[in-house]
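What follows is a short report on a single structure.
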Amino acid sequence: MDSKPAKTTPVIVCQTCGGRGSVDNKRCQMCGGLGVGAILDGKFVYTEANLSWPLIVLRQLRKTVFTILDFITIVCGLGGVVALVWWYAQLPTQVASVDELLFWKQHSWLILIFWLSLGVDMLIVYRWRQRAYEAKKISKFKPLAEPADWQAISKAPKINAAAGLGEELTTVMEKTYLLANQLKHAQITNLHLIYNLLTVSGEVASLFVRMNVNGQKLLEKIGNQLSKIQPQPGSPFLSTEVKQTIAEAYVEAYRHGREQVNPVDCLIPLWRADKLLEEIFYDLAIDEDKLVNTVAWSRINDKLIHNYQLYKKMARFKPSTNMNRAYTAVATPFLDQFSFDLTVAAKFGQLDVCVGRDKEINQVFEYLDSGQRGVVLVGQAGVGKNEIIEGVAQLMVTEDVPKMLKDKRLLELDLARLLGGATPAEAQERMLEAVNETVRSGNIILYMQNVENITGLSSGSGDSLDLAEILASAIGRQGLYVFATCTSQNYTRNLEGGPLGQALAKVEVNEPEDNEAIQMIESKIAFFESKFKVFYTYDALAQAVKLSGRYLHDQYLPEKAITILEKAGVAAARVKGAQALVSGEDVAGVVSATTHVPVARVSQAESELLLNLETKIHERMVGQEEAVKIVAESLRRARAELREGKRPIANFLFLGPTGVGKTELAKTIAQVYFGDENYMIRLDMSEYQLADSVDKMIGTPEGTLGYLTEKVRQSPFSLILLDEVEKAHPDILNLFLQVMDDGRLTDGQGRTIDFTNSIIIATSNIGAVYIQEQVRAGAALEKIREELVDKYLVEKMRPELINRFDGIIVFRPLALGDVVSIARLMLNKTKELLLGKGMGLEISDNGLKILAQAGFEPEFGARPLRRLLQDKIDNIIANKLLSGELERRDVVEINDQAEVQVRKAAKL
Amino acid sequence: MPTNNFLFYFGQIVFELARDLALFPLWWYTRGLFELAQKISQFWADSLKGLNLVVWLKNIFVPMYGQRDFTGVLISIFMRIVQIILRSIGFALLLLLGVVIILLWLGLPVLILWQIIWQLT
C-alpha cells in the first residue's frame, strides 16, 4: 500500500472572467462559461451545480418517498413467503396425491400473493443494483493529452464534478445553499461550505478531533467571518473558489480510486483555495502537513478495510498446512521445530500491514525476477525490515508475487533456537539439515532475521567452513531461496565481501522521512486504539515522530515512534480511563520518562520562565549580572529554536578567580533549564592530563565504556561542566573541538553520540590574578575579556577552540556586598533545615555583616565563607540540638555580635 | 410555495417510478443478465481455483510427497487420477449449479407472469 499523498492538482482560472464564467451577465467568450476547473489526465473538470430551492425539495421528497417504497417492497417481498407457508399450513394432514402438494399446480389467492411477491423481489434486486450504479459516480479513463489553453480546453472532454458528488456531500452542498440563502448572501463561499462540512459530516468532524481542534471554536470563527458578509437580495450562486474546491475534490477522489466525491476529499482543496480559511486553520495550529497527514490517515483506514476484505477473499485459496496445492511437497519435521510459518500467519491475518514500502518490495521482486535466489534487507534496527518480509508473506497469500514465489511457504528460521546450546559442529549439522530439508521440500522460502548471527561460526580449525558459507553454497548450487535481514553496521562488518554477501542481493531499507513515518504509523494506530480503548490525536503521532527524532538518536523511525505511542496509549488508558484522548502532551510525557528529559523542557509553556530567567537564576546566585545576562540570552535563543540544530545548545567558557560562582552558575543553569541540578555531567579536567585519557573519556573498541560518551548517551539532556579546562591534555581538547562544532562524537565502539541537546560549560582560572587587578583598577569587563583572550587564553588553548565558544564570560571578583547576600542565602538553607525540625532562625543584619566580613578573602571569593558558617553557626546549632538545649518551637538567633543564641518558646 | 409545487414534485417522482417499472424487465434481460453471467463465471473460476483441478492436471506425473521411487510414482499417478476424477465431478456439479441459476434468471419473469395469469383464470 502506497502512503504518499497525491500530487497537487493544477487549477486553471479564466483570466478574462476571473473564474466567474460570465462578463457583464453574458457568458464569457474565452472559457465558454466554464470559469475555473482542474485538468485531470487530459480531461477538464469543472463545477456546475444545479442548486435551487425547488430542486433541493424535490431531492429530499424523492429520498423520503423511495425510502418508504423500499420498505413496502421488502415487506411485500417477504409477505409472499408467509403466504406460501400459510397455504401449506392450511392443507389437510393427509393428501390424496403428491400433486396437491405442488403449489404451482393449485389455485389459491395465497399462491397468487406468493407469485406477485416474487415479482416484487425481482424489483428489489433491480432497485438494489440501481443504487449501486448511482453510488459509482466516478469512472476511470485512459489518460489523454493535456490541453494547453482555453481553446484546447473547449475541445477537450469535460467532466462536471458536481455529478460525482456522493450522497453526503450532496446534502452538504444543499445545506450550504440553504445557509447562504437564509443569510441572504449573494455568493456561496468556501466558508459556507466548511461550516456545513463540519456540521453534516461525522467523518470531517472526527478528523478535526484527531487534529485536536475544538470544533465549536472553529465553527465560531467561521460564523464570525460569515457574519461580516453583506446581505444582498437574490438567489445565491457558487463562488469561483467553491467551484475550484469541488473540481479539485473530484480530482482528489479520482486519484485515490474512490467511486464518488466525499466530504473528506474537499478538505485539502478548501485549505488550498481559500487564503482566509488557511489563516483560520493556521490560527488553530493546523498547517499543511497536519491536514494532509490527517486526511491521509482517514484514507489509510479506509484502504486497510478495503484491502482486508480483498485479502480475506484471496486468502481462501492458500493452503493452511505445510502442503502445497500440488501435493508435491515433502514433510518437514525438522524445519517445523525450528521455524515459524509466515504464510500461514498471514493467511489468518496475524501479521501487521506493510505501508509505504512498495519500492522496497518491488526491488525484492525485481531481484527474484532477474534470477537472484537470495535477498538481504539492510537497514537500521527499527526501520521496518521485518515488516517488509511480512508484506511479502501477505502478497504470497494473495499470490500477487513473481512465479517462483507462487504456491510456496515462507518460513522464518528461528536462528536462536537452531543454534542455541549447540556446539559449532552441532550447529553446522543443524544448519545442513535445515537447508537440505528446505531444498528437498521444494515449496519453501527461508527467511532469516539478523542473518549476521550465523557468520563466524565454524566447526573446526580456522580453515573449515562457517555457517554463512554453507548457506551461500546452498543458495548458489542447490536452488535454495532465502530472504534475510541485517543491520547496516553488521552488513559491512560480517557480510560485505564474504560469500554470503555475494550470494544475497542487497536491498537498502532507509529510515522514512517524518511525513512518511507518520503515515506508516497511522496504519498501526487503529490496532492500539482498539487494544487500549483510547483515541489518538494527530498531534500525538506528530510529536512521537518529532520528539523521538530529536531525542532518541540510537533508535530509528518508525519503530521508535510506535513504541512511544504504545506506551502513551497504555498510560492514557490507565490514568484517564477508557475512551481517553491521547494528546501530544501525553507523548511528551513518555518521551521525557524514557530520555530523562524533564517534561517542562519538552512541551510545557515555559515562556514565562525563560523571560524571567535572570531573576530565576539570581534566586540562588548572587552578583555576576553580566555573566547571567549573557547566559540567559543565549539560552532563550536556544529555546526559541533560533539556533542551528547541529551544535550543542550553547558552549560557554567561564573565566574568573576561584569562589566567584562559576560552578554555582552552571548548577543553576542545569536546574533552571533542565529542571534539576542533577542533569549535570561534571568532568574535572585535571584528571585528563595524559594522552591516554582519551580512552577514559570516549571508551575503547575492546568494550570499555567512556565516561563522557556513556553519560551523554544515557541522558543526552545534560549540562557538561568541564572544570579547569586548561589542565586537560590537548588531545582531549581536540575532542571537544568536534563536539562543539558538529554536536556529535564517535565513541570507542563506533557509536555516534549526540551532543546537540547538551550545554557545554568550561571553567578556567586562567588570568585570575589579572582579572582581580583590573577589576580593582576599575577596568571595563569587556576590555578585561579581550585582554584575557589575546594574552592569556591563547597560550593555553588553540585559537579554533576559543572560537567555538558562544560566549567567553568573565566573572568579576566578589565585593563585600555580594558576600553578605551569599551569606544570607547560605543561612537561609540552614533556616529551612531548622524549620523542618520545628525550629526557627532569626539573623540580625549586623551579625550577618560580621560573618560575611570574617568569611571574605578577596583571592578566594566566597569559598571560605562556607567553612566559616559551618564552624561558627552550624556546629554550634548541632551541639545545642544534641545537648537538648534546642527544642521544638525554639528560635535560634544570630545576634548583632554574630553569636548563636537560643530563644526558648513559652511553655505550654 | 411548497403546497403549490407539491403536485409538480410528486409528478416528477411518480414519473421516475413509472420509468423504473417500465425499464425494469428490459434491465433484467440485458444488463442484469450480463452482470449475473459475470458473477457466475467468477464463481466458476473461483471454484476451479479452490478445487485446484488445473494444478492436479499439470502435476499428474509428478510424484506426491516427494516419493520418487517406482512404487511411489505409481501410487501417486493412481491417486492423482482418482483425485482428478473426484474433483472434476465436483466441478461439473458447480458448473451445473451456475447453469441452473442462469436458466432460473431467464425463466423467472415468464414463469411469474404465466402463474399470475393462470391463478387469475
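No value in this document is a laboratory result; all are computed from the given coordinates. Keep in mind it's a predicted model, so treat the numbers as computed, not measured. FYI the Cβ positions are ideal-geometry reconstructions off the backbone, even for glycines, and counts take in every protein chain you see.
A few notes on this one:
- Cα-based shape type of the stretch A:514-602, given that a ≥ b ≥ c are square roots of the gyration tensor eigenvalues and the cut on a/c is 1.5: oblate
- Counted as membrane-span-like here are DSSP H helices of chain A whose alpha-carbon atoms extend 20 Å or more along the helix's own axis and whose Kyte-Doolittle mean is 1.0 or above; these are A:53-90.
- Counting only other chain Cβ atoms within 10 Å of each residue's Cβ, the peptide B:109-120 averages 5.
- Rounded if a/c under 1.5, otherwise prolate or oblate - the stretch A:321-508, Cα gyration tensor axes: oblate
- Whole-angstrom gap from the stretch A:791-829 to the stretch A:244-312, using each part's C-alpha centre: 57
- Fewest-first sequence of B:L104, A:L705, A:L653, A:L735 by Cβ atoms within 10 Å of each Cβ: B:L104, A:L705, A:L735, A:L653
- Debye-sum result for chain A in log10 I(q)/I(0), which assumes one identical scatterer on each alpha carbon, at q = 0.05, 0.08 Å⁻¹: -0.51, -1.03
- Average partner coverage of A:116-122, which counts Cβ from other chains inside 10 Å: 4
- Axis angle, to the nearest 10 degrees, between helix B:31-51 and the longest C-alpha principal axis of chain B: 20 degrees.
- Amide proton proximity set for A:L40, modelled H, under 5 Å, gap of 5+: A:V45
- Percent antiparallel among DSSP beta bridges (both partners in the protein assembly as shown, rounded to 5): 30
- Take each peptide in B:107-118, A:719-730, count the other Cβ atoms within 10 Å of every residue, and average; sorted highest first, the result is A:719-730, B:107-118.
- The stretch A:607-810 shape via C-alpha gyration tensor axes, a/c threshold 1.5: oblate
- Potential lengthening of the chain between A:E786 and A:D874 amounts to 27.4 nm, from the contour at 0.36 nm per residue minus the alpha-carbon distance.
- Estimated inter-spin distance, B:Q42 and A:W86, nm [label 7 Å along Cα→Cβ]: 3.8
- Listed by chain and number, the aspartates and glutamates whose C-alpha is less than 13 Å from the C-alpha of A:K228, apart from same-chain residues fewer than 8 away, are A:E220.
- Along the axis of the charge dipole computed for the stretch A:514-602 (Cβ charges of +1 for Lys and Arg, -1 for Asp and Glu, origin at the Cα centre), the listed residues A:G549, A:L565, A:Y538 are led at the positive end by A:L565.
- Nitroxide proxy distance, nm - points 7 Å out along Cα→Cβ at A:R127 and A:Q94: 4.7
- Cβ-based charge dipole, chain A, positive-most Cα from A:M211, A:G750, A:V242: A:V242
- Alpha-carbon centroids, the stretch A:709-774 and the stretch A:401-417: separation in whole Å: 51
- Of all DSSP beta bridges confined to the stretch A:607-810, the antiparallel ones make up roughly 15%.
- Relative to the globular-protein estimate of 2.2 N^0.38 Å, the Cα radius of gyration of the stretch A:253-348 stands at 1.84.
- Only DSSP H runs of four or more residues enter the estimate; each adds -39500 (n - 2.57), and after division by the residues of chain A the mean residue ellipticity at 222 nm equals -15500 deg cm²/dmol.
- Its residues counted as N, the stretch A:717-819 yields a C-alpha radius of gyration over 2.2 N^0.38 Å of 1.24.
- Ranked list, fewest to most other Cβ atoms within 10 Å of each Cβ, for B:S41, A:S821: B:S41, A:S821
- Inter-centroid distance (Cα atoms) of the stretch B:2-68 relative to the stretch A:858-887, Å: 97
- With the simple spin-label model, which puts each label point 7 Å out from Cα in the Cβ direction, the A:E513 to A:N50 separation comes to 4.5 nm.
- Peptide A:323-330 - average C-beta neighbours from other chains (10 Å radius): 6
- With the gyration tensor restricted to C-alpha atoms of the stretch A:816-903, the semi-axes of the equivalent ellipsoid amount to 23, 12, 11 Å, longest first.
- When the C-alpha to C-alpha distance is required to be over 19 Å, the pairs from A:K318/A:K408; A:K140/A:K318; A:K629/A:K783; A:K662/A:K727 that qualify are A:K140/A:K318.
- Rounded to the nearest 20 debye, dipole of the protein assembly as shown from Cβ charges on Lys, Arg, Asp, Glu: 3420
- Reachable lysines, given that their alpha-carbon falls under 16 Å from the alpha-carbon of A:K136 and they are not under 8 places away in the same chain: none
- Remark: A:V57, A:V364, A:V622 ranked as A:V57, A:V622, A:V364, counting other beta-carbon atoms within 10 Å and listing the fewest first.
- Cα-based Kirkwood hydrodynamic radius, the stretch A:423-526, one decimal, Å: 15.4
- Ordering of A:523-534, A:777-788 by packing is A:523-534, A:777-788, highest average first (other Cβ atoms within 10 Å, averaged per residue).
- Segment A:V902-A:D369, extension gain: residue separation times 0.36 nm, minus the distance between their alpha carbons: 182.5 nm
- Residue-averaged 222 nm ellipticity for chain B, from DSSP H runs of 4+ at -39500 (n - 2.57), nearest 500: -31000 deg cm²/dmol
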